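Everything on this sheet refers to the single structure shown next.
The values are calculated or read from the model by the stated rules, or taken from the named source; none is laboratory data. Bear in mind the structure is a predicted one, so any value in this text is a computation, not a measurement. Every residue, glycine among them, receives a Cβ derived from its backbone with ideal geometry; neighbour counts consider all protein chains shown. Surface accessibility is based on the protein's heavy atoms, side chains included, excluding ligands, DNA and RNA. Shrake-Rupley method; radii C 1.70, N 1.55, O 1.52, S 1.80 Å.
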Amino acid sequence: MSKIAIIREFWLFLRVRRKWWLVPIVISLLLLGALLIFAESSAIAPFIYTLF
């Protein structure tokens with residue numbers, strides 16, 4: 001199953017079940033994951049790690 005199919009299926013789940021409260025949680029988890037991946041490979045890693 002491709003990544004786009006998973007995103008589409010999740011979107012359909014949200015529309016049908018009306019679980020809109022999941023959207024901010026998923027977005028914040030994706031942003032946190034992106035921040036951690038960015039922090040591992042950059043020169044600003046020591047400054048980001050102080051936030052946690």
*If the Cβ limit is 8 Å and pairs must be 6+ apart or interchain, which residue in the stretch 23-51 that is farther than 21 Å from Arg8 by Cα and β-branched (Val, Ile, Thr) pairs with which residue that is open to solvent by 70 Å² or more (accessible area, probe 1.4 Å) and not in a loop (DSSP other than H, G, I, E, B)?*
Ile48/Phe38
*Inside the chain, counting only helices (runs of 4 or more DSSP H) that do not spill past its ends, which hold 3 or more residues that are open to solvent by less than 80 Å² (accessible area, probe 1.4 Å) and at pLDDT 75 or above?*
3-17, 22-40
